[in-house]
Amino acid sequence: QVLNRDFISIKVDREERPDIDNIYMEACQLMTGHGGWPLTIVMTPDGKPFFAATYLPKKGQAGRVGLIEILNRIDELWKNERAELYGISEQVLNHISSNLDFTPANDIVLDESILHNNFADLVHRYDKRYGGFAPAPKFPTSHNLYFLLRYYAYTGKQEALDMVEATLQSMYKGGIYDHVAYGFARYSTDNKWLVPHFEKMLYDNALLAIAFLETYQITKDDFYAQIAREIFTYVLRDLTSDEGGFYSAEDADSEGVEGKFLVWDKAEVISILGEKEGEEFCLTYDITEKGNFEGKNIPNLIKSDINKKVRKRLENARDKLLQQRRLRVPPHKDDKVLTAWNGLMIAAFAYGAKVLEEESYLNTAINSLGFILSNLRNNEGRLLARYRDGEASFLAYAADYAYLIWGLIELYEASYEAKYLEIALELTDDLIKYFWDEEAGGLFLYGADAEKLLIRPKEAYDGAIPADNSVAALNFLRLYRLTGRTELQSMAYDILSLFAPSLNERPMAHTYMLLALLYLNGEGQDIVIAGNLDEAQDMLQVAKRAYLPFTELIFKEAGDKMLENLIPFVKDVGQMEGKPTAYICKDRTCLAPTISLEELKKLL
């Protein structure tokens, strides 16, 4: 009644409208010193905020002021002291604008010292007992792991790899991983990764799958490949639509209780599995009569070793528990399809197809891309951000383009079909057309053709997911390396220059953007393999299995005119002696080719 009497109320889904969320969350942090959701903003009719808060109870309780009291007080001020509220709103707007005003820093050096400083910061923040890089709550933050893996490749520093392995193993052992149905929850509420916020997000599982796959490439330990496969099993079973798009998330609550769908009583487990198998499962997965979460049990391996034989022996038990769990009331599924998050999962499945040589993963990525291109573009070809129940809406944001382009690059290198590279370049041209700042460089969050808001922000903070500018910078460099389009290299430099002050001051806030700097410093190369696809499989497998984060893989079949148009320097690349032939190239200059598999292994 109070809202309808005195206010015009607008409810915003922050995943559908990250542009609105970004601006008003910045206002909340400015006014209150913290952020979070649900976010309550009160603003003037022209959209300028003068009050912000996160969760508020309906009525005052335990010393906290309630929303109704606040709204009544604001209405009183609006009627009697409106000029003061307008004054506050102008101050807030000025502060937000200045906080988001980035200008290129020509006098700041972007060199490898930033990389070493970030590594030192990660070492300092690292939890030596349980992995991860912050006290509770602990988020997966996969791009920290990407950085460490590339830093290991760049420097050979074993400590970087050790931190990644320990973190991935600890996350897997904890309750943040669903040991019955697979997949990772959004974050852990404690430092041991035991008690999650039970919500499962598509983006976390995409980014973590890639982290496990890259670690597998380096270590050759099948454990990491197995967890990546399990993540994909979860996504295919629970987050994939019949049409091929990926759903956004599964909620934490079931029947109004957080985690109810996922926790167990010991007696229940014994009754399902029988005495012998049930006792072994309970002993292995820390299921007790007392419980480890509000009298119930979250299955975990924190007190157990990762014993592959025991895991395999208990597969049948996990299947039985999964079937029983399906009889419970499930949590709500957020079945909207977001272009950005689908781009991340396309990248993950494509990378999985390449590393694990699993054709079904490649087909999954292709199907998802087909869904996006068929259902999430308007009549002018402009990407859209959200699809649900047959309706697509909201002009896509920079992240939608950046993440989908990432997925397309991975899809090209997994399939060797030039059409995916062609689409990546088309979308890159649109990204530049609608989002690029011609004056200062960098990408605006929303397009020039979109609804005009208070300000037009740029995002560079790599938080739960990497920022659009961060992903775009690395995409630009990879596409430059592949195609020779020098303007893309320049734009990557412009992004790094624009955010250079923050990269120097707070490198850990930009660990994905630092992947672009590592890529530049890593002296990468192109591997070009020419020949018949079937005959070249041995050579391709050698290249795909290796961890080469600064290298792009190109396959050329004779007569592939589309590829030659997209990557002109491969026109003169061909087979020797009628056999598959490998070229190692740098700056579009190639070393002497080889037809020897062993020689290729040495070159890599």
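The values are calculated or read from the model by the stated rules, or taken from the named source; none is laboratory data. None of these values were measured; they are calculated from a predicted model. Here the Cβ positions follow ideal geometry from the backbone for every residue, glycine too, while neighbour counts run over all protein chains shown. All accessible areas refer to the heavy atoms of the entire protein, side chains included, with ligands and DNA or RNA removed. Shrake-Rupley method; radii C 1.70, N 1.55, O 1.52, S 1.80 Å.
Give me the percent of the accessible area of the chain that comes from carbon and sulfur atoms, probe 1.4 Å, all protein chains in place.
Summing carbon and sulfur atoms, their accessible area is 47 percent of the total for the chain.
In the chain, which cysteines lack any other cysteine Cβ under 4.7 Å from their own?
CYS28, CYS282
In the structure shown, do any of LYS128/LYS220; LYS309/LYS544; LYS354/LYS601; LYS128/LYS303; LYS266/LYS320 have a Cα-Cα gap over 20 Å, and if so which?
Working: LYS128/LYS220 23 Å; LYS309/LYS544 28 Å; LYS354/LYS601 17 Å; LYS128/LYS303 16 Å; LYS266/LYS320 15 Å.
Beyond 20 Å: LYS128/LYS220; LYS309/LYS544.
Which of the peptides 273-279, 117-123, 456-462 is most tightly packed, and how do the rest follow, judged by the mean count of other Cβ atoms within 10 Å per residue?
Order by mean packing, descending: 456-462, 117-123, 273-279.
To the nearest 0.05, what FRET efficiency results for LYS579 and GLU359 with a Förster distance of 30 Å applied to their C-beta separation?
For R0 = 30 Å, the calculated efficiency reads 0.75.
With a point put 7 Å past each Cα toward its Cβ, work out how far ILE8 is from ASP190 in nm, to one decimal.
In this crude spin-label approximation the distance works out to 4.9 nm.
With the Cα gyration tensor of the stretch 351-508 giving a ≥ b ≥ c as the square roots of its eigenvalues, does the rule (a/c under 1.5 for rounded; else a/b larger than b/c for prolate; else oblate) give rounded, prolate or oblate?
Oblate, because a/c is 1.5 or more while a/b does not exceed b/c.
Apply 1/(1 + (r/R0)^6) to the Cβ-Cβ distance of GLN489 and ASP222, taking R0 = 51 Å, and write down the FRET efficiency to the nearest 0.05.
The pair GLN489/ASP222 has a calculated efficiency of 0.85.
I need the semi-axes of the equivalent ellipsoid of the chain: take the C-alpha gyration tensor, multiply each eigenvalue by 5, square-root it, list largest first in whole angstrom.
40, 34, 22
Apply 1/(1 + (r/R0)^6) to the Cβ-Cβ distance of ASN521 and GLN29, taking R0 = 30 Å, and write down the FRET efficiency to the nearest 0.05.
0.35
In the structure displayed, which of LYS200/LYS336; LYS260/LYS336; LYS138/LYS192 lie more than 18 Å apart, Cα to Cα?
Violating the 18 Å Cα-Cα cut-off are LYS260/LYS336.
Within straight cross-link reach of LYS48, meaning Cα distance under 25 Å, which lysines are found once same-chain residues fewer than 8 apart are removed?
Reachable lysines: LYS11, LYS58, LYS79, LYS452, LYS458.
If you count, for each residue, the other Cβ atoms within 10 Å and average over each peptide, how do 339-347, 414-422, 180-188 line up from highest to lowest?
339-347, 180-188, 414-422
Kindly report the accessible area of the chain per residue (heavy atoms of protein chains, probe 1.4 Å, no ligands, DNA or RNA), in Å².
On the way: 25910 Å² over 604 residues.
I get 43 Å² per residue for this part.
What is the list of residues in the stretch 444-477 whose amide nitrogen lies under 16 Å from a point 7 angstrom out from the Cα of ASP46, following Cα to Cβ?
Residues 452-456 fall inside that zone.
When the helices in the chain are scored as -39500 (n - 2.57) per DSSP H run of 4 or longer and the sum is shared across all residues, what 222 nm value do you end up with, to the nearest 500 deg cm²/dmol?
Calculated from helices alone, the mean residue ellipticity at 222 nm is -16000 deg cm²/dmol.
At ARG64 and VAL310, where each label point lies 7 Å from the Cα along Cα→Cβ, what is the point-to-point distance in nanometres?
Reported label-point gap for ARG64 and VAL310 is 4.1 nm.
What does the extension gain come out to for ASP265 and LEU597, with contour length at 0.36 nm per residue minus their alpha carbon separation?
114.0 nm
Mind giving me the nanometre distance, one decimal, between the label points for ASN72 and THR155, set 7 Å out from Cα along Cα→Cβ?
Result for the modelled spin labels: 6.0 nm.
Going by Cα centres, the stretch 506-558 and the stretch 393-450 are how many Å apart?
20
Restricting to the chain, what percent of DSSP beta bridges are antiparallel, rounded to 5?
Percentage antiparallel, nearest 5: 90.
At 0.36 nm per residue, minus the direct Cα-Cα distance, what do VAL257 and GLN323 gain on full extension? Give it in nm, one decimal, please.
Stretched out fully, the VAL257 to GLN323 stretch lengthens by 21.7 nm.
Shape call for the stretch 1-124 from the C-alpha gyration tensor, a ≥ b ≥ c root eigenvalues: rounded (a/c under 1.5), prolate (a/b greater than b/c) or oblate?
prolate
Nearest 20 debye, what's the magnitude of the dipole of the chain about its Cα centre given +1 on Lys and Arg Cβ and -1 on Asp and Glu Cβ?
Computed about the Cα centre, the dipole is about 1420 debye.
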